[in-house]
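Below you will find the structure I want to go over with you.
The values are calculated or read from the model by the stated rules, or taken from the named source; none is laboratory data. The structure presented is a predicted model; accordingly, all values stated were derived computationally and were not measured. No Cβ is skipped: glycine too gets one built from the backbone with ideal geometry, and neighbour counts run over all protein chains shown. Accessible surface is based on the protein model in full, side chains and every heavy atom, while ligands, DNA and RNA are left aside. Shrake-Rupley method; radii C 1.70, N 1.55, O 1.52, S 1.80 Å.
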Amino acid sequence: MEPTARSCSSQRYSWLPGLIIAQTSVLVVAIFFTLSIVEDRLIAQAGRDLERTAREVAEKLDLLLFERYGDIQLLAGALAEIRETKRGGEWTALLKKAHQAYPMYAWMGVLNADGRVVAATDGATIGLDFGRKSWFRGLAAGPALRAHYVEPHELTTEKDYVEFSASVRIPGEAQITSDPVQMLVVTRFLIAELSAIVTRTLREIEAQEGYTQGLEFHILTTLGRVISETAPHPAESVNLIDLGVESARMAVSGRTGFVQETHRRRLVPVLTGYARMPARKELDALGWGVLVRMDREAVLAPIRSTLWTVAIGGGCLFFPLWGGLLWSTHQLRRHWQRAETAQQASTESLRFLQSSLDALTSHLAILDEHGTILAVNRAWKAFGDQNQLCDTEHGVGKNYLDICESSSGEGGEEAHRVAQGIRAVLQGQQNEWVGEYPCHGPDAQRWFLVRISKFTISEQVRVVVDHQNITENRVAFRALQESQAATRAIVSSALDAHIAMDQDGMIVGWSAKAEEVFGWAAHEAAGQPLANLIVPPGYREAHERGLKRFLVDGAGLMLGKRLEIEGWHKEGRPFPIELTIAVIKQSSGYLFSAFARDLTERKKQERCQAAEHAVTQLLVEADSLEGGAPDILKTIGETLGWAVGALWRVDEDRQELRCAGTWADAPVLCAEFLAQTRKSSLAKGIGLPGRVWESRRAAWISDVAADENFPRVASASAAGLHAAFAYPILLHDKDYGIIEFFTKDILAPDQPLLNMFDSLTGQVSQFLARRAAEEAVHARERQVRSIIETSVDGIIVIDDHGVIELVNPALASMFGYAPNELVGESIKRLMPSPDREQHDGYLERYRQTGVKKVLGVSRETLGLRKDGTTIPIELTTSEMQVGRNSKFTAAIRNISARKQVEQEMVASQNRAEQAVREKVEVLAAVDAFFICVNLDGAVTEWAGKSESLFGVSLSDAIGRPLPELPLQRELLEAMQKAMQEVSGRLAPVRMDKIRMIHEGKDLFLKFTVTPLCDDRGIGYVFMGEDVTERLRLEHDLAQAQKLESIGQLAAGIAHEINTPTQFVGDNVRFLSDSFTDLLTVLAQHRDLLTTAKAGSCTPAVIAACDAADEQADLDYLVEEIPKALMQSADGVERIAKIVRAMKDFAHPGSAEKTPADLNHAIESTVTVAHNEWKYVADLTTDLAPDLPLVPCLLGPFNQVILNLIVNAAHAISDVVKGTGQKGVIAIATRHVGERVEIRITDSGTGIPEAIRPKIFDPFFTTKAVGTGTGQGLAIARSVVVDKHGGTIAVESQVGTGTTFVIHLPVTVPTNDRVMEEAA
Amino acid sequence: MEEKKTATILVIDDDESIREALRRTLRRDGYTVMEAAEGGEGLLVLKHHHVDVVLVDLFMPGKEGLETIAELRRSYSDITIIAMSGGGIRGQMDMLETARLMGASQTLAKPFARETLIETVKQAVRRE
């Protein structure tokens, strides 16, 4: 089903919860709406009640006041009846009587026309005169009868009241004569009484209506002033209209109604009913308004409490119901979805089943319980179509049992077996029946696997018949078996030990070679933890850590690389091995496969070579064998790891050996032995040296303690010395001396070591011969000449212009000349090109700079024979000082034979090594290619890099004969040639440096062809790799090793000179051009001057002048010329400075120490080395001005400073490389007591603690191969300590930098000084 | 002067004297010259100005010549590069040859004559 449809169905009914929520919201809104309507209704109802109440109160007020209005009229009538004579007292009595009847009146009185009180209820007021008061005048001027509201005044002390007045015409005594008297009757009615009545009325109404809260009322004047209210305000009277009270305004305007408003005093919402006293003419002056109010809350309170009860009750019921509704909706939806998904799944699974069946490569048929075919899959149909076996229905509907049982001919028997199998399964005897049968087609062999299984659907039995073509499996299985056999053969025959380890660190593979290398037998090793067996104890933890780390994040293993590490032998000793590790990921975890090679021999070889080299070096530098003995013994002993060494000298006269020097790595431990050795003298045949002297051959004793002929056995045993060897030093067949060495182990004779010493002997002899020759020049020339002449090596002496002064017969015959032919000739005659052309240059350079390029080292080169052929020679040259001239001596040895032997040795060793290496790489690394060719010549394996290297894909290559493949001709020829050779010899054949072109580039291949023999013929296995890179590296390495520090320096100096030369040249050209321009300008200006002087200066001349200025760009020239001049001068100075420095630096100096200014020497060296440090560091010097002159060999001293500066620059370069920053080199000198101190500090990498003791050792270097010879610091030490009696020390901190501190004595060591004084 | 050559040349060299001397020479021949004291600065100049030919020294503090050439080749394929050096040899490598391999179309070994410079630049501009 479509994914969109699925997502739709899952969305179905998702609106239900929304609907429920929406409905709830609508309901809530409706409830609130209804509530507000109900409230409004309630308010309206209450308002109308209040309105009615207000009206009632107003009417009541009206009635009350109207009665009072009637009162005064009655009173006035009664007063008028009284006779004139009795007036006064009678009136007062009448008034008092009335007052008794109506106590609500505060005061009653009668005033005459003049305003005098003539009678009153209150006697105190009688006789008061109000004639002038405004009150009285107002009354007198007003209508005859009136009622009005009055504020208190002196007539009464009571509060507010309503005053009624009526004017009365009282007839006079003499009715005819006198005019009737006008009198004024006044009554005052108390508002307080009025309030009490109103309050009473309200209380009645409250009780009647059932109000919960007391009603409030206000009675207002027409102006809005409050006359009376429920709770009179203590302060001044209030005007509600002024306060803006709506109801007050409405009331005084004569309307009746109710209004909602805010209580001004309490600030709560209130409901006010308002009305006005009915309009009545008599009381029109009053027109009071009545307000009756109650709190809105009080109105709503009853319904609110009901609502709360209903809401809480309803909520308790509603929310659980609501929640339940949501939950059940959710559940319903889920059930619906599940049902839907299930339906989809079943539909899909049906389709899936069908398509799966169709996708299966097996031929499937489904039968019912009688064997009738119900359905078949696509593969079945296809197979049927291909083989025209079945009808268009592909057998559907037919009975498969019948088909099988009716089958006859080839395969008939198998068909019957299948039928039996089906029956067995149907009857339930077996759950499954499996059988295999061949069914070969006309053009190919085929095998089938038939599998019958039963299943039940809705109680109906069904059978599945499954035919599977297993031809490929069978073929592949056979191929696999063959390939495994081949791999096993390769692994077991490999020269390297093969070890396999599972991811728990247990050994699972252990080749025969591994037994040999590590000492453990395969059955001992299998299943053991690898770490405990072959990893040295100190590294075990690290090994396990590394393994764990690899298993966690796949990092940390040096896969596919060659690692040089230490292995652990069964005998409990470490030894160097080379390891290549590959990881194979298997279903059960990782499998680590490693090839290990024992490097012990190689390391030993390297040590031997180093020792040999060092000794040669020492011999060249030493003055005599005895003088060099301590160093030689030390060098050999330390390099080879022997403990004690001794040099014995043959005393011809006494016929005995005497010790001429000893050395021990730990002299304290074997002091006794050393002392005895130094004292000993041995006769021929006595002791180890004696035996060697006698036999003239190297001798070896595995353990001197067990040797019978060893006089020093006691002290040797005490010192723990066991194995020893000695070899003779022969000088032209004469015994010269013996060198012997001891070690603390018991060792079997070591042939390579002895071989090495054989060759050393030759070199020592050569050295002795040279020395002898030199001595002879001084003392016994003829004798020496004879030695020279009998020397087997060629010896030649030339002067400093290359003219041959002496040759010995050996040399002459080596080059094919008669001895006399060469003397007086140029040495160049013996040199082939290009040495011949360059030799003058070499000599010239040496004469000028004193820089030795070939002197003092033995090197291999070519010599030119008289017949024009060249021969390989070993050349050792040295210089001797004769008076003021130099002479050069060369010892030359014909090494053609040795070369050939060497080459053959190297070649055979290489062959063996390479064969294994290639196999290792094929199996463990990724760079190799691997091709198998079977007996028929067809390619069966095309693995590794074959595809990418040869551009032929696996599918194209497999099955085709090799020559048919589109391979390059050269490669194909090499392969065929190799195969021919292999079939002839039945042994592996190696082809090297086979050139081919790959992606437009030259590429070199190396491969090995191994025969795979069979009784039927030969197959071939090609294993090889692209060695282009390796060849290139080897080539580069060889080149780089020839590098000389001086050569490098020369390049730097060239740069230093070339740069200023460049710009000085450019500037001079610029100045010259500019001068030409200036001359033109000058000419114009002269013109101008001339014409000006003549007074004929015209604008044209001035314009020409300007144009010339413009043309020459005069401003630019004026600006640039001084700069160019300054820079040129500076450049010339720079050149001069470096040339001066070079001269100082290369100062040939004398062989003797001369007092020298070290500051100056350091400055020169700094300048010469400028190019070495200027890009990586700033160099500062702090040179003490008071530094005394120091006796010094300037040349070597400069060399020391140069080496230290170059080292410092390299150390800094390692830190700042790529950062664009610069480090610091600081050089300081100081005079300290009897010594001069030189400190050279750098901010470089620093020297790790571990290697600090080794840095002064010869050949020790941390620089990449080819960038350093490892001699720099060794030379520095030698120069400072040995030649100057000074000290050199190092202070260093990793990450901070290094300081070398040199101390040189200011005074010459004593013996030298004595000699000086003697001279 | 006759028709002006408008090509712009960027000189990258840590030695000010060299830069100025080259500027004087090239300016005289009508080129516009810009200067930078090391590779990084040179690349900065290129960001803001059109340059036809870059004359670059191989040994400089900061960004070295070869690095600069590599960067130039990556970012400005249309610029012609001329490498120059006074040393030429470092270790066993001919640096000028290396520079050529890395994409410098011409090389100049210091000290070179003015005519050589002019001829080389002329070729470079024509190439461009």
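Hey, among the residues in the range A:120-171 that are part of a strand (DSSP E or B), surrounded by fewer than 19 Cβ atoms within 10 Å (Cβ to Cβ) and among the charged types (D, E, K, R), which one's modelled with the lowest pLDDT?
Here the residue is A:169.
Give the number of residues within the range B:95-110 that are crowded, with 20+ Cβ neighbours inside 10 Å, more than 10 Å from chain A (Cβ to nearest Cβ) and without any contact (Cβ under 8 Å) to a residue 40 or more places away in the chain.
Number satisfying all stated conditions: 3.
Residue-wise test of (1) open to solvent by less than 40 Å² (accessible area, probe 1.4 Å); (2) under 25 Å from residue A:202 (Cβ atoms).
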position: A:264; (1), (2): no, yes
position: A:279; (1), (2): no, yes
position: A:282; (1), (2): no, no
position: A:290; (1), (2): yes, yes
position: A:301; (1), (2): no, yes
position: A:308; (1), (2): no, no
position: A:321; (1), (2): no, no
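Right, residue A:884: open to solvent by 60 Å² or more (accessible area, probe 1.4 Å) and either modelled with pLDDT of 70 or more or touching a Lys or Arg at 6+ places or on another chain (Cβ under 9 Å) (or both) or not?
Spelling it out, it is not the case that residue A:884 is open to solvent by 60 Å² or more (accessible area, probe 1.4 Å) and either modelled with pLDDT of 70 or more or touching a Lys or Arg at 6+ places or on another chain (Cβ under 9 Å) (or both).
Listed here are the residues, each with its yes/no results for (1) away from chain B (no Cβ under 14 Å); (2) modelled with pLDDT under 85.
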site: A:1137; (1), (2): yes, no
site: A:1147; (1), (2): yes, yes
site: A:1156; (1), (2): yes, no
site: A:1178; (1), (2): no, no
site: A:1186; (1), (2): yes, no
site: A:1189; (1), (2): yes, no
site: A:1195; (1), (2): yes, yes
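Right, here's the next one. Condition first: within 14 Å of chain A (Cβ to nearest Cβ), touching a residue at least 60 places away in the same chain (Cβ under 8 Å) and within 14 Å of the chain's Cα centre (by Cα). Now tell me which residues in the range B:111-128 satisfy that.
Passing the criteria: B:117, B:118, B:121.
How many residues are within 21 Å of residue A:602 (Cβ to Cβ) and modelled with pLDDT under 85 if we restrict to the range A:726-757?
12
Which ones in the range A:1074-1095 are open to solvent by 60 Å² or more (accessible area, probe 1.4 Å) and not β-branched (Val, Ile, Thr)?
A:1075, A:1079, A:1082, A:1085, A:1086, A:1087, A:1089, A:1093, A:1094, A:1095
For residue B:44, state whether it is touching a Leu at 6+ places or on another chain (Cβ under 9 Å), on the phi < 0 side of the Ramachandran plot and either part of a helix (DSSP H, G or I) or small (Gly, Ala, Ser) (or both). First the steps, then the outcome.
Values: touching a Leu at 6+ places or on another chain (Cβ under 9 Å): no; on the phi < 0 side of the Ramachandran plot: yes; either part of a helix (DSSP H, G or I) or small (Gly, Ala, Ser) (or both): yes.
Here the answer is no, as residue B:44 does not meet what is asked.
Now for a different question. Looking only at the range B:62-71, decide whether some residue is away from chain A (no Cβ under 13 Å), over 30 Å from residue A:1119 (Cα atoms) and open to solvent by less than 10 Å² (accessible area, probe 1.4 Å).
So far as the range B:62-71 goes, yes, one or more of its residues are away from chain A (no Cβ under 13 Å), over 30 Å from residue A:1119 (Cα atoms) and open to solvent by less than 10 Å² (accessible area, probe 1.4 Å).
Among the residues of the range A:947-995, how many are closer than 11 Å to residue A:933 by Cβ and in contact with a Leu (Cβ under 9 Å, 6 or more places away or on another chain)?
7
Okay, next question. Give the residues of the range B:23-41 that are outside any helix (DSSP H, G or I), in contact with a strand residue (DSSP E or B) (Cβ under 9 Å, 6 or more places away or on another chain) and of a type outside the set (D, E, K, R), sorted by residue number.
Result: B:31, B:32, B:33, B:34, B:36, B:37.
I need the strands (runs of 3 or more DSSP E) fully contained in the range A:573-686, keeping only those with at least 1 residues that are at pLDDT below 80. Show your work before the answer.
Working: elements: A:574-586, A:589-598, A:644-651, A:656-664, A:681-683.
Here the list reads A:574-586, A:589-598.
Any idea which residue in the range A:1039-1073 is surrounded by the most Cβ atoms within 10 Å (Cβ to Cβ), counting only those that are at pLDDT below 60 and more than 10 Å from chain B (Cβ to nearest Cβ)?
Within the range A:1039-1073, the first condition is being at pLDDT below 60, and the residues that meet it are A:1039-1046.
Among the residues that remain, those that are also more than 10 Å from chain B (Cβ to nearest Cβ) are: A:1044-1046.
Details: A:1044: 12, A:1045: 19, A:1046: 16.
Only one residue fits best here, namely A:1045.
Considering only residues that are open to solvent by less than 50 Å² (accessible area, probe 1.4 Å), outside any helix (DSSP H, G or I) and touching a Ser or Thr at 6+ places or on another chain (Cβ under 9 Å), which ones fall in the range A:692-721?
Result: A:698, A:712, A:721.
Also: If you take the residues of the range A:647-669 that are within 24 Å of residue A:747 (Cα to Cα) and out of contact with any Leu (no Cβ under 7 Å at 6 or more places or on another chain), which of them is surrounded by the fewest Cβ atoms within 10 Å (Cβ to Cβ)?
Among residues in the range A:647-669 that are within 24 Å of residue A:747 (Cα to Cα) and out of contact with any Leu (no Cβ under 7 Å at 6 or more places or on another chain), the one surrounded by the fewest Cβ atoms within 10 Å (Cβ to Cβ) is A:668.
Let me ask something else about it. Test of understanding: among A:313, A:254, which residue is open to solvent by 10 Å² or more (accessible area, probe 1.4 Å) and over 30 Å from residue A:150 (Cβ atoms)? Walk me through it before giving the result.
Values: A:254 fails: over 30 Å from residue A:150 (Cβ atoms).
Only one candidate passes the filter, namely A:313.
Looking at residue A:865, is it at pLDDT below 80 and charged (D, E, K, R)?
In short, no.
Continuing with this model, one more query. Can we say residue A:703 is in contact (Cβ under 8 Å) with a residue 12 or more places away in the chain and under 21 Å from residue A:669 (Cβ atoms)?
Values: in contact (Cβ under 8 Å) with a residue 12 or more places away in the chain: yes; under 21 Å from residue A:669 (Cβ atoms): yes.
Yes.
Pairs under 9 Å by beta carbon, first residue within 12 Å of chain B (Cβ to nearest Cβ) in the range A:1159-1175, partner in a loop (DSSP other than H, G, I, E, B) and of a type in the set (A, V, I, L, M), six or more apart or different chains?
A:1175/B:60
In addition: Would you confirm, using the coordinates I've provided, whether residue B:44 is touching a residue at least 24 places away in the same chain (Cβ under 8 Å) and within 14 Å of chain A (Cβ to nearest Cβ)?
Judged against the criteria, residue B:44 is not a match.
Kindly provide the set of residues from the range B:8-22 that are more than 9 Å from every other protein chain (Cβ to nearest Cβ) and either assigned to a helix (DSSP H, G or I) or surrounded by fewer than 21 Cβ atoms within 10 Å (Cβ to Cβ) (or both), ordered by number.
Selection gives B:8 alone.
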